[in-house]
Amino acid sequence: MPAFPVLVQPAGLRFEADAGTSVLLAAQAAGIKLPSSCRNGTCRACMCLMLEGSVAYRIEWPGLSRDEKEEGWILPCVAHATSPLEIQAPLAAPIEAAPAVSRLLTGARR
């Protein structure tokens, strides 16, 4: 399957989105966190503005109004790139690795 470059503004983050993977999952695989919650197109937590490009949905009607679709709003959790994309997602950020937790080994069971 083809992969398409995605540019996330205003942070300038970049990743590749395989046509068979949602934009949200492709971002996460590349170490980029986009807001999300339900991951099925209903809660709209991931909604962002598509500045350039095109997407397709594998569900009949994602949680967007006709007007929102026409204005360029997309739901990355269920959107699949069909061309190079530029999206506006102000809360996007690199995923930070969790700090290592160090524990003393005492031999006691809990």
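None of the figures in this text is laboratory data; all of them are computed from the coordinates on show. This structure is a prediction, so every number in the text was calculated from the model and none was measured. Ideal geometry is used to build each Cβ from the backbone, glycine not excepted, and the neighbour counts take in all protein chains shown.
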Rounded to the nearest 20 Debye, what is the dipole magnitude of the chain about its Cα centre when Lys and Arg each give +1 and Asp and Glu each give -1 at the C-beta? 840 debye
Of the residues ALA17, ALA89, ALA100, which exhibits the maximal mean-square fluctuation in a Gaussian network model of the chain defined by a 10 Å Cα contact cut-off? ALA100
Select from ILE74, ILE87, ILE59 the residue whose mean-square fluctuation is largest in a Gaussian network model of the chain (Cα-Cα springs shorter than 10 Å). ILE59
Convert each backbone phi in the range 28-34 into a coupling constant with the Karplus relation 6.51 cos²θ - 1.76 cosθ + 1.60 (shift: θ = phi - 60°), then list the ³J(HN,Hα) values in order as whole Hz, x for Gly and Pro. 4, 5, 8, x, 10, 9, 10
Could you tell me what percent of the DSSP beta bridges with both partners in the chain are antiparallel, to the nearest 5? 80 percent
Which residues make up the longest stretch of the chain that has no GluC sites (Glu not before Pro) in a DSSP loop with at most 12 other Cβ atoms within 10 Å? 1-59
How much length is gained if the chain between THR82 and ARG44 is pulled fully straight, taking 0.36 nm per residue apart and subtracting their Cα-Cα distance, in nm to one decimal? 11.6 nm
Amide hydrogen neighbours beyond the local backbone of ASP18, cut-off 5 Å, H modeled: PHE4
Debye equation applied to the C-alpha atoms of the chain, log10 I(q)/I(0) at 0.14, 0.18, 0.21 Å⁻¹: -0.53, -0.80, -1.09
For the chain, with the dipole built from +1 on Lys and Arg beta-carbon atoms and -1 on Asp and Glu ones, taken about the Cα centre, which of ILE32, ALA17, VAL6 lies farthest toward the positive end? ILE32
Once amide H atoms are built 1.01 Å from N in the peptide plane, which residues 5 or more positions from ILE32, or in another chain, come under 5 Å H to H? ILE95
GNM of the chain, Cα pairs under 10 angstrom: of ALA79, ALA11, ALA26, the biggest fluctuation goes to ALA11
